[in-house]
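Structure first, then comments.
The values are calculated or read from the model by the stated rules, or taken from the named source; none is laboratory data. Note that the coordinates shown come from a computational prediction; the quantities given were computed from them, not determined experimentally. FYI the Cβ positions are ideal-geometry reconstructions off the backbone, even for glycines, and counts take in every protein chain you see. We work out accessible area using only protein heavy atoms, side chains counted, and drop any ligands, DNA or RNA first. Shrake-Rupley method; radii C 1.70, N 1.55, O 1.52, S 1.80 Å.
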Amino acid sequence: MDKETQQTAQNVDSLPDQGRRRFLNTAALVGVAGAGISAGLLPNAAGAATGDKSGADFGKVEVHPGQLDEYYSFSSGGHSGDVRVYGLPSGRQFKSIPVFNMDALVGWGLTNESKAVIGTKPDGSLKYNCGDTHHVHQSYTNGTYNGKYSFVNDKINCRLARIRLDTFECDKIIELPNVQGFHGVFPDKRDPVDEKINHTTRVFCGMEFRAPLPNDGRDMHDVKKYGALFTCVDAESMKVKWQVRISGNCDLVATSYDGKLVATNQYDTEEGATYADMMANEMDACCFFNVARIEAMIKAGKNTFTIGDSKVPVVDGRPAANKDPKTAITCYVPVPKSPHGVNASPDGKYFVCSGKLSPTATVIELALVQKWFNGEVKTPRDCVVGEPEIGLGPLHTGFDNKGNAYTTLFLDSQIVKWNVAAAIAQFKGDKKVKVVQDRVDVHYQPGHGFTSMGETKEADGKWFLSDNKFSKDRFLPHGPLHCESAQLIDITGDKMVVLADHTTLSEPHDSIIVRRDIIKTRQIYDLNEFPHAIKDAKDSRIERKGKKVTIHLTSAAPAFSMTEFKVKLGDEVTIILTNLDKVDDLSHGFAIEKYNINFVVNPQQTQSVTFKADKPGVFWCYCTNFCHALHLEMRSRMIVEK
Ligand code: CUK
Ligand code: CUA
């Protein structure tokens, strides 16, 4: 170890207690003093037994061996490009669902089937192999989750993905035209046009980074000419339906419970290119879209246009084109200052925007926005019914079922609980009303925070999960890049209580907490869904058409249907593997030595890979998924003849 390394080396035993506690303030110390390193590491420690004075009931997060969690949490993986699935309250991770990332665990990005979902270049290689997932939401029926789909964005390559929740697999990925910085995404909670359709039919997507429209070399140096688009995608066909050109940018997206309104918060109404420019205005906005009016315009083909090569109809949602509220498709509600996040309250009445650079949260009443569109409210700002001061760096808000909001305070490293009705009373002039109900320290710098079922009308007020951007000293040191922390907070009482520190890999942005009864997964796949499946090992065969060779193969523990197959050097080889096992979780892997091939076939599933046989010799193919006592013997040989 050189001197410098030595100086910065961290060893938990040598770390003076003071060093750790520097990061913690008094309130946090109360919880930590008796409970050892971290409350979450000692889930058994009841407050009284450990001398813990917070009265925390750590037993609440216990999930004993063999017991099941009460909730699923679906969490975006951030720059790893995946979606993660955890159990709560235990915090155990079940799965990383590969979406925009390659994943050899299942062969995502390696199999022909996954490549077709992700998209390929003409040479067969992936068009993109990284992504940045921020916002993960589920499809709705009647204002609550229906367990059918999850939708998640890719901010880097501006794609929207859909995950089917019967198999927990991504089944569609599309790229949004003329978009950069695709950030906010939210499915509607019922159809905005047809009131009889009470489930998700559309997904709305925000564009954060204004860019030349189209981005074909024009307007590159004139930032003022850049523009932003708000995009609507059909949830079933996953085709882009329409786009709206707006002023400013789109950050997050929220949809109303009646389906009629969608909003995006805007931190760059200045339309700047540097952060100093973007911070100039005291007020930014939350931009509302009147979906029915937009769709009527699109249907009539009135005032629609297209951008560049895209065929998607676009309408103009900029203020100049929307001066008359009675025909306007957008309404820009002024909100202080660089707001981050917009969240819908589960009673369906309000959207809350957090101030980020203002210590406030802004409460916007949706009924008033509707009235503005009818010409019955004077100015968009009149739709604001509350704006309490809640703390420094407010970012995201979750709700319980008792009218309380819970907002993450990035700069204060706290969660603040505040009462929405009290905030509205205060805004009307009540000086005595108590808006802020409680504060609790989190560790550290929370980004997203969300409550159990909190983005549905079945918000149950049980848990708040704080996705913290820094874990600093909360876990054993593991190199300069730390894991992050998700802290589970009991919100059933008047006081919030932090009950567990769960680790998360960098960097979850947004999550949802879903009651377990909503998710109904399949146990095995259905062979009929795979056109290339072979249903009997006897049908295994090698087919040759010129230089193209197809190997039809099956697996059934502990053997593949062919112990060897021969191809010729230079062949284009496709291996189609059907797993005939019928027991759930009896999956087999298929890896080929030196050929960079590895994928998994689940019971009654068919997957395939295509590659060039460019090395002569014998190459063992083996099962990578420990499936049987004879798993090691589960092999075949690829013989590549010269
Ligand atoms: S943004 Cu990341 S913490 Cu993408 Cu939702 Cu606020
Ligand atoms: Cu099949 Cu291991």
Enumerate the calculated ³J(HN,Hα) couplings along segment 377-393 in order (Karplus 6.51 cos²θ - 1.76 cosθ + 1.60, θ = phi - 60°), each rounded to whole Hz, writing x wherever the residue is Gly or Pro. 10, 4, 10, x, 5, 5, 7, 7, 10, x, 7, x, 7, 10, x, 8, x
Estimated FRET transfer efficiency when R0 is 22 angstrom, pair H478-Q93 (beta carbons, to 0.05): 0.85
Which three semi-axes in whole Å describe the equivalent ellipsoid of segment 256-328, each the square root of 5 times a Cα gyration tensor eigenvalue, listed largest first? 26, 17, 12
Paramagnetic label zone (point 7 Å from Cα along Cα-to-C-beta, Q437; backbone N under 14 Å) in segment 367-406: 398-406
Percent antiparallel among DSSP beta bridges confined to the chain, rounded to 5, stands at 90
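Shape call for segment 527-641 from the C-alpha gyration tensor, a ≥ b ≥ c root eigenvalues: rounded (a/c under 1.5), prolate (a/b greater than b/c) or oblate?
oblate
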Would you mind checking which residues have amide H under 5 Å from V385's amide H? H placed 1.01 Å from N; only 5 or more apart, or other chain. V363, I364, E365
Count charges around L368 for me, please; just the other residues with Cβ under 11 Å from its Cβ, Lys/Arg as +1, Asp/Glu as -1. +1
Amide H contacts of H396 (H built 1.01 Å from N, under 5 Å, at least 5 apart or other chain): T408, G449
Just for segment 527-641, what percent of DSSP beta bridges are antiparallel, to the closest 5? 70
5 Å is the cut-off here: which amide hydrogens, built 1.01 Å from N in the peptide plane, fall below it relative to A235, excluding neighbours closer than 5 in sequence? R202, V203
In square nanometres and to one decimal, what's the mean projected area of the convex hull around the Cα atoms of segment 118-209? 6.8
With θ taken as phi - 60° and the coefficients 6.51, -1.76 and 1.60, list the Karplus ³J(HN,Hα) couplings across segment 97-107 in order, rounded to whole Hz; mark glycine and proline as x. 8, x, 10, 9, 9, 8, 8, 6, 4, 10, x
The chain: calculated mean residue ellipticity at 222 nm from DSSP helix runs of at least 4, using -39500 (n - 2.57): -2500 deg cm²/dmol
Quick one: grab the alpha carbon gyration tensor of segment 197-271, order the square roots of its eigenvalues as a ≥ b ≥ c, and give me rounded if a/c is under 1.5, else prolate or oblate depending on whether a/b is larger than b/c. oblate
Heavy atoms only, 1.4 Å probe, whole protein assembly: order K239, K615 by accessible area, highest first. K239, K615
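So for the chain, what percent of the C-alpha to C-alpha distances run longer than 42 Å?
Cα-Cα pairs of the chain separated by over 42 Å account for 32 percent.
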What order, most packed first, do the peptides 597-606, 277-286, 633-642 have when packing is the mean number of other Cβ atoms within 10 Å of each residue? 597-606, 277-286, 633-642
Output ³J(HN,Hα) for segment 466-473: one whole-Hz value per residue in order, computed from phi by the Karplus curve 6.51 cos²θ - 1.76 cosθ + 1.60 with θ = phi - 60°, and x for Gly and Pro. 9, 8, 8, 7, 10, 9, 6, 9
What's the extension gain from M283 to K594 if we count 0.36 nm per residue and subtract their Cα-Cα distance? 106.1 nm
Ignoring ligands and nucleic acids, K417 exposes an accessible area, probe 1.4 Å, in Å² to the nearest 10, of 10
Accessible surface of L580 - all protein chains present, 1.4 Å probe, nearest 10 Å²: 40
Note down the accessible area of E507, probe 1.4 Å, to the nearest 10 Å². 40
Over segment 221-293, what percent of the accessible surface lies on carbon and sulfur atoms, probe 1.4 Å? 55
With charges only on Cβ, +1 for K and R and -1 for D and E, what is the dipole size of the chain about its Cα centre, in debye, rounded to 20? 1080
Candidate residues K241, K299: accessible-area rank, largest first, probe 1.4 Å: K299, K241
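Got the relative contact order for the chain handy, in percent, Cα pairs under 8 Å and 6 or more residues apart?
Normalised by residue count, the contact order of the chain is 10 percent.
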Just order 205-217, 317-329 by mean Cβ neighbour count inside 10 Å, highest at the front, would you? 205-217, 317-329
